[in-house]
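Everything below concerns the one structure shown next.
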Amino acid sequence: MGDRLTHLDDAGHARMVGVGDKPETARGAVAEAWVQLSDKAFALVMTGGGKKGDALQIARIAGISAAKRTSDLIPLCHPLRISKVELQAEPDEETRRVRLVARVEAVDRTGVEMEALTSASVAALTLVDMIKAVDRAAVIDGLRVLEKWGGRSGHFRA
């Protein structure tokens, strides 16, 4: 890891990092977020019986769409040519939590960690939106990058 913030210039002003001289390489990242649900909300999610429809399918679609819009949401992110987005929803019946795992891939000049984080977080937000009528106390936590590969900094695994 570097020893300075790359999105600040020498005077401390925000900037978009120049990537024009970097080679295009295959890059990828995996991120996760968790949503803790009440027993009632978890049961509805598992049966697809919510008022708004199948919450996990809607969350998947939202997460995939969000990855493609990351540069619109995070001011200093580059728009990337994403080649693949997968969003898995993994319910844990014992804890009544849903793990949302986003995998994003691209061949480009900069990494896709922010796209994976955005995908997982928007999927989690969408799941909460889908169940908020029956569970106002749902909690999103554990948002993090699990893995990233490609580019100069190499492979990272949490």
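Rule-based calculations on the coordinates, nothing more; no lab input. Because the structure is a prediction, the values reported are computed rather than measured. Every residue, glycine among them, receives a Cβ derived from its backbone with ideal geometry; neighbour counts consider all protein chains shown.
In straight-distance terms, cross-link reach from Lys68 covers every one of the lysines whose alpha-carbon lies under 18 Å from its own, apart from those fewer than eight places away in the same chain; here that gives Lys84, Lys148.
Report the charge-dipole magnitude of the chain in Debye, nearest 20, computed about the Cα centre from +1 at each Lys and Arg Cβ and -1 at each Asp and Glu Cβ.
Roughly 240 debye, rounded to the nearest 20.
Here is how the number arises for the chain: DSSP H runs of 4 or more residues each give -39500 (n - 2.57), the sum is divided by the residue count, and the result at 222 nm is -9000 deg cm²/dmol. Ordering Val134, Trp34, Ala66 by the projection of their Cα atoms onto the charge dipole of segment 27-157, which places +1 on the Cβ of Lys and Arg and -1 on the Cβ of Asp and Glu, puts Ala66 at the extreme positive end. Fully extending the segment from Thr95 to Glu147, taken as 0.36 nm per residue of separation minus the present Cα-Cα distance, adds 16.3 nm. Among the trypsin sites (Lys or Arg not before Pro) in segment 46-78, those located in a DSSP loop and surrounded by at most 15 other Cβ atoms within 10 Å of their own Cβ are Lys51, Lys52, Arg69. Along the chain, the longest continuous region that contains none of the GluC sites (Glu not before Pro) in a DSSP loop with at most 11 other C-beta atoms within 10 Å is 1-92. A Förster radius of 25 Å combined with the Cβ-Cβ distance from Val107 to Ile61 puts the calculated FRET efficiency at roughly 0.55. Take the Cα radius of gyration of segment 71-134 and divide it by 2.2 N^0.38 Å, N being the number of residues; the result is 1.31. One entry in (i) 9.7; (ii) 9.1; (iii) 10.2 is mean projected area of the Cα convex hull in nm² calculated from the shown coordinates; its label is (iii).
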